[in-house]
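Below is one structure; the comments refer to it alone.
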Amino acid sequence: MLDRAPPLDREQEALLGLAGNQIAGALEAALRLEEAERAAGEARAVFYAIADGVLLSDPFGRVTAMNRALEALTGWTETEARGRPYAEVLPIATDQVGGPADLVSRYGRKVPVAVSSAPIFDPRGRVVGGVDVIRDVSKEREIDEVKSALISTVSHELRTPLTLIHGFAELLVLRDMPVERQRSSAVEILDASRRLARLIDDLLSVSRMESGRLVLDPRPLDLAAVVERILSPFRAMAAKHTLRTKLPGNLPVIWGDPDKVEQILTNLVGNAIKYSPGGGEVLVTVDHDGDTVQVSVRDQGIGMSPRDMGQLFEKFYRVDREEVRRAGGTGLGLYITKRLVEMHGGRLWAESWPGVGSVFRFTLPTSDELAGSGR
Amino acid sequence: MKLLIADDEPAVRALVHVTLEGDEYEILEAADGVEALEVARGEGPRLVLLDIMMPRLDGLEVCRQLKADPDTSDIVVVMLTAQAQDRDRDQGLAAGADDYFTKPFSPLALLNMVERVRHNQTRAD
C-alpha cells in the first residue's frame, strides 16, 4: 500500500494543468448551453401561452411555428400549417388598406383582427424570418358598434325636441300670429325643453348606472308611506284618472334607497297615466309574501301586444305606436326602472292586454330578509 | 296646393302646419311610412315632406317607391332628416329625393322651398 502518491514530474504537471483548463472550459460551455436552453424553453412557453395569435415564418413566407391562440383563430393545427405558405394559413380580408381587417378561418368563419408584423434578424443583420401577431378584436369592434349606434340614437333623440324649439321660436320671432297661436307655440317650446331636460337626466342616470357610480343608500323603509307620498302630486294633476291604493296593514319594513324607490314608483305610476289617455283607474297594490314585498301598478290604458312587449325594458326602445309617440318619452324610463329594482335585489316584469291595460309588478326584499342574509 | 307631411312626431307635423298655414295649402298628414304611401297614392299631393326614421316603413323606402311608380314619380319629395351625416343625405338623394332639410330646420326656409315648388307648378300649368 502506498502512503502517498509519487510526486509528478514536470511533464505530468503540465498535462494535468491543460486537462484542468479543458474541463473548466467544457463545464462553462455546458452551463452556457443549459442557460440558453432554459431561455429557449421560456421563450417557447411564452410563445405558446400568449393570448394573441403568433405566427413565425421563414424568409420564403412558409410557416415555421404558430401558437395555440392562432390555432384556435385559424382552425389550423401547427403541425398541419408548418411548411405551408403563410397566406394560406392566415388569409386576411380587408375592404381598404389600413381599414378593419377580418381573418377568414379554415372553416370560413370571419374574425375581426388587428395584425402587427416584424422581420426577424440574425446577429449579422440578415432577415431569417418574420413574426406576425394577430389579435382578435371582436369585443372592441362590438363595443365600437354599440357606441356609434348609441350616439346616433341620442343625436336623433336630441334633434327632435331641438327642431321644435328652433321651429316654433323662429315662427314666434319672425311671424305675425294670432295670440292663441303664439300661446300654443310657446307651449310646444316648453314641452320640447322639458323633454330635452328629461332626456339628459335619463342619459346621466344610465351612464352612472352602467359605470357603477350609482350606488344605493339603503335603509329601512315604510313602503305604504312612500306610495302615498308619490301619489299625491299625481292626484293633484290627474283630472281623468282615479288613483287608488290597496295597502295591507301589516306590511313588513322593506330595505331600500328612499329616493330610488320613489323614482321606481313615480316612473311606473307616470307611465300608467301616460299610457291611458282615456283616463280610468290606476291601482297600486302592495302584497307581502314571506320575505318579499310585491308592488303592482295596474292601469286601464292602451295596453301592449306580446310583440310590443318584446324589448320593453331595453334602452331607447319605444313601442311603435302613434299613441306612444304622442305621449313623448325618452325610451329610457323602463330600462332605468328595471335596473333600479334589480340593484335592490328585486325583479320587475309586466303583463298586458291590448285595449284593456297593463300591470307592472316588482318585488323588493324586506329588511328581515337582508338582515338574515348577513348584510 | 296639396302637400303631405309624414313624420312620426305629432309636434313636428304641427310645426309644419303652423308654418304653412294659409289658403294656399291643403296639408295632409301621415304618422308612418305605410300611411305616407297610402295618402300619397290616394290624394296625389304636389309635394311630400318625408321624415327618414319612421315606424313600419322608413322615409327612404317611401321615397324609392314613390319615384318608381309612374303615377307618383312627379311628386316633389323633400326629406326631413334628423341625421346630419353626409351619408344620410347621399342616401336620400340616391333614393330619388329632390331636396332635403336637416333637423333642426328653419321653418321659413321650408316655407320658401314650398313656395318655390308652388310657383313652378303655377308656371307649368
Taking region A:176-231 and keeping only residues that are among the charged types (D, E, K, R) and closer than 30 Å to B:E21 by Cα, one is left with A:D176, A:E180, A:R181, A:R183, A:E188, A:D191, A:R194, A:R195
Any residue that is buried (at least 18 other Cβ atoms within 10 Å of the Cβ), in contact with a Pro (Cβ under 8 Å, 6 or more places away or on another chain) and in a loop (DSSP other than H, G, I, E, B) - is there at least one of those in region A:278-293?
no
Within region A:103-148, track down each residue that is over 21 Å from A:L70 (Cβ atoms), basic (K, R) and at pLDDT 90 or above.
A:R124, A:R126
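Go through region A:1-51 and give me each residue that's among the β-branched types (V, I, T), assigned to a helix (DSSP H, G or I) and under 60 Å from the mean Cα position of the chain (by Cα). Quick ask: steps written out before the conclusion?
Quick first cut of region A:1-51, residues among the β-branched types (V, I, T) only: A:23, A:46, A:50.
So of that shortlist, the ones also assigned to a helix (DSSP H, G or I) come out as A:23, A:46.
The answer is A:V46, and nothing else.
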Test A:A236 against the stated conditions and say whether it is part of a helix (DSSP H, G or I) and surrounded by 12 or more Cβ atoms within 10 Å (Cβ to Cβ).
no
Restricting attention to helices (runs of 4 or more DSSP H) lying wholly within region B:32-114, give those where 3 or more residues are out of contact with any Lys or Arg (no Cβ under 9 Å at 6 or more places or on another chain) and within 14 Å of another protein chain (Cβ to nearest Cβ).
B:86-94
If only one of A:D95, A:D136, A:D144, A:D102 is away from chain B (no Cβ under 14 Å) and touching a residue at least 60 places away in the same chain (Cβ under 8 Å), which one is it?
A:D136
Residue in region A:123-132 that is within 11 Å of another protein chain (Cβ to nearest Cβ) and either over 30 Å from A:P112 (Cβ atoms) or in contact (Cβ under 8 Å) with a residue 12 or more places away in the chain (or both) present
no
In region A:71-102, which residue that is at pLDDT below 90 and of a type in the set (S, T, N, Q) is surrounded by the fewest Cβ atoms within 10 Å (Cβ to Cβ)?
A:Q96
Search region B:1-12 for residues that are over 20 Å from B:R46 (Cβ atoms) and within 14 Å of chain A (Cβ to nearest Cβ) and pair each with any residue that is part of a loop (DSSP other than H, G, I, E, B) and not hydrophobic (A, V, I, L, M, F, W, C) when their beta-carbon atoms are under 7 Å apart and the residues are at least 6 apart or on different chains.
B:D8/B:D32; B:D8/B:P55
When you go through (1) assigned to a helix (DSSP H, G or I); (2) closer than 17 Å to B:V16 by Cα one by one for A:R198, which number turns out not to apply?
(2)
B:L15 among the hydrophobic types (A, V, I, L, M, F, W, C) and either in a helix (DSSP H, G or I) or over 15 Å from B:V77 (Cα atoms) (or both):
yes
Farther than 19 Å from A:S367 by Cβ, among the hydrophobic types (A, V, I, L, M, F, W, C) and part of a strand (DSSP E or B): does that describe A:L231?
no
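Just for region A:188-208: of the residues that are among the hydrophobic types (A, V, I, L, M, F, W, C) and crowded, with 16+ Cβ neighbours inside 10 Å, which one is nearest to A:G249 (Cα to Cα)? I'd like the intermediate steps shown before the answer.
In the first step, residues of region A:188-208 are kept if they are among the hydrophobic types (A, V, I, L, M, F, W, C); the result is A:189-190, A:192, A:196-197, A:199-200, A:203-204, A:206.
With the extra rule that they be crowded, with 16+ Cβ neighbours inside 10 Å, the set shrinks to A:189, A:192, A:196, A:199, A:203, A:206.
Values: A:I189: 46, A:A192: 42, A:L196: 41, A:L199: 38, A:L203: 38, A:V206: 35 Å.
Checked region A:188-208; the qualifying residue nearest to A:G249 (Cα to Cα) is A:V206.
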How many residues, within region B:68-101, are out of contact with any Leu (no Cβ under 8 Å at 6 or more places or on another chain) and either modelled with pLDDT of 80 or more or over 20 Å from B:V12 (Cα atoms) (or both)?
14
Given the conditions (1) more than 11 Å from chain B (Cβ to nearest Cβ); (2) crowded, with 18+ Cβ neighbours inside 10 Å; (3) not aliphatic (A, V, I, L, M), which single one is not true for A:S185?
(1)
Filtered residue count, region A:249-261, keeping only those that are under 27 Å from the mean Cα position of the chain (by Cα) and in a helix (DSSP H, G or I)
3
Pairs please, first residue from region A:160-176 and at the interface with chain B (Cβ under 7 Å from one of its Cβ atoms) and at negative phi, second anywhere and assigned to a loop (DSSP other than H, G, I, E, B) and surrounded by fewer than 18 Cβ atoms within 10 Å (Cβ to Cβ), Cβ atoms under 7 Å, 6+ apart in sequence or on different chains.
A:E170/B:S106; A:L171/A:M177
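Can you tell me which residue is surrounded by the fewest Cβ atoms within 10 Å (Cβ to Cβ) among those in region A:336-368 that are among the charged types (D, E, K, R) and part of a helix (DSSP H, G or I)?
Selected residue: A:E342.
Yes/no matrix, rows are residues, columns are (1) over 28 Å from the mean Cα position of the chain (by Cα); (2) among the charged types (D, E, K, R); (3) within 30 Å of A:S184 (Cα to Cα); (4) not assigned by TED's automatic domain parsing to the domain that holds A:Y48:
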| site | (1), (2), (3), (4) |
| --- | --- |
| A:V63 | yes, no, no, no |
| A:R82 | yes, yes, no, no |
| A:A87 | yes, no, no, no |
| A:T94 | no, no, no, no |
| A:R106 | yes, yes, no, no |
| A:K110 | no, yes, no, no |
| A:V115 | no, no, no, no |
| A:V128 | yes, no, no, no |
| A:H156 | no, no, yes, yes |
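The values are calculated or read from the model by the stated rules, or taken from the named source; none is laboratory data. Please read these numbers as outputs of a predicted model, since none were measured by experiment. Don't worry about glycine lacking a Cβ; one is built from the backbone with ideal geometry, like all the others, and counts go over all protein chains shown.
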